[in-house]
Amino acid sequence: KEDISDELECLDLTLMIVKETRTLSEMAKELGMKDASRTWEKIANLTSDLVNQKMWDDSSKFYYSINRKDHSFKYLTRDLRRMEIIGFLALWAEVAPKDRAEQLVKHLLDSKKFWRKYGIPTLAADDEWFTPYVDYCCKWNGPVWLLWDYMVLDGLKKYGYNKTANQLADKMMLAVTTQLKKNHNFWESYSPDNEVLNSPPNYIWDSIMARVLIEKYKK
């Protein structure tokens, strides 16, 4: 429905900030800027702690965006606890403790939710708003976006789930090769379940598959 992101502390943006500040800390350390490195690391750790305090729901074992004003999982009459791909970015940003990472992977491997034929959908397949159909551009309630699937893949590796990461790489490759054989196009997004696509073709971000191949087959 309508965009309510201005009313939320958005999980995906917050996790990206954690990732960026950790990277800035590493860059400063490499440049010999020890004080700056510690400052950025402190910000990253503080933000990470807040994510785990406020954005984790222990009943469903998943991370969600929260109401900006009261930090609840409610906005007006809406329950914000809807499983989206952004929950797995807690692995990519190295925010999730080990026990929570295990819970996230359980959700990931559930074929009724995220473990689909052609990759990880943006919304869990058992959500009432999920659709596998890519029939116009920019849909985030089901289609697979390869860059976001790569972040999930990268997060899996960071926590030692290398076998699962390789299986996800195979799903992403199947999505791409199926379409290349069929119509010679890379696509903005892919269906998690079928081969019928009608969205903008030949998007440059699909070049992430080159990195997927390098990481999968490097010796």
So if I check each of Ala175, Ala165, which one is of a type outside the set (Lys, Arg), surrounded by 15 or more Cβ atoms within 10 Å (Cβ to Cβ), within 18 Å of Trp140 (Cα to Cα) and touching a helix residue (DSSP H, G or I) at 6+ places or on another chain (Cβ under 8 Å)? Ala175
What pairs can you find where one residue is in segment 5-25 and under 19 Å from Lys74 (Cα atoms), the other is of a type in the set (D, E, K, R) and part of a helix (DSSP H, G or I), and their Cβ atoms are less than 8 Å apart, with a gap of 6+ or different chains? Glu9/Lys54
Just a yes or no: is a residue in segment 121-136 surrounded by 15 or more Cβ atoms within 10 Å (Cβ to Cβ) and touching a helix residue (DSSP H, G or I) at 6+ places or on another chain (Cβ under 6 Å)? yes
I'm checking my understanding of the structure. Among residues of segment 77-102 that are closer than 27 Å to Leu147 by Cα and of a type in the set (Lys, Arg), which one is most open to solvent (accessible area, probe 1.4 Å)? Lys98
In segment 197-211, anything assigned to a strand (DSSP E or B) and in contact with a Ser or Thr (Cβ under 8 Å, 6 or more places away or on another chain) is listed as Leu197
Of all residues in segment 108-118 being touching a Ser or Thr at 6+ places or on another chain (Cβ under 9 Å) and open to solvent by less than 30 Å² (accessible area, probe 1.4 Å), the one that is farthest from Asp79 (Cα to Cα): Tyr118
Taking segment 11-28 as the search range and keeping residues that are among the hydrophobic types (A, V, I, L, M, F, W, C) and within 13 Å of the chain's Cα centre (by Cα), which one is nearest to Ala96 (Cα to Cα)? Leu15
Segment 63-76 residues that are open to solvent by less than 90 Å² (accessible area, probe 1.4 Å), paired with ones that are assigned to a loop (DSSP other than H, G, I, E, B) and among the polar types (S, T, N, Q) (beta carbon under 8 Å, 6 or more apart): Ile66/Ser72
Here are the criteria: (1) in contact with a strand residue (DSSP E or B) (Cβ under 6 Å, 6 or more places away or on another chain); (2) outside any helix (DSSP H, G or I); (3) of a type in the set (A, V, I, L, M, F, W, C). Tell me which single one Phe114 does not satisfy. (1)
With respect to Asp49, determine if the residue is of a type in the set (D, E, K, R) and open to solvent by less than 30 Å² (accessible area, probe 1.4 Å). no
The lone exception for Ile214 - which of (1) open to solvent by 70 Å² or more (accessible area, probe 1.4 Å); (2) part of a loop (DSSP other than H, G, I, E, B); (3) without any contact (Cβ under 8 Å) to a residue 40 or more places away in the chain it fails: (2)
Asn194: passes all of (1) assigned to a helix (DSSP H, G or I); (2) under 30 Å from Lys106 (Cβ atoms) but (1)
Just one listed residue, out of Val144, Val105, is surrounded by fewer than 19 Cβ atoms within 10 Å (Cβ to Cβ) and among the aliphatic types (A, V, I, L, M), and it is Val105
Limited to segment 178-205, what total is found for residues that are surrounded by fewer than 20 Cβ atoms within 10 Å (Cβ to Cβ), touching a helix residue (DSSP H, G or I) at 6+ places or on another chain (Cβ under 7 Å) and of a type outside the set (A, V, I, L, M, F, W, C)? 2
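The values are calculated or read from the model by the stated rules, or taken from the named source; none is laboratory data. In this text, all values refer to a predicted model and were calculated from it rather than measured experimentally. Every residue, glycine among them, receives a Cβ derived from its backbone with ideal geometry; neighbour counts consider all protein chains shown. What goes into the accessible areas is simple: the full protein's heavy atoms, side chains included, and nothing from ligands, DNA or RNA. Shrake-Rupley method; radii C 1.70, N 1.55, O 1.52, S 1.80 Å.
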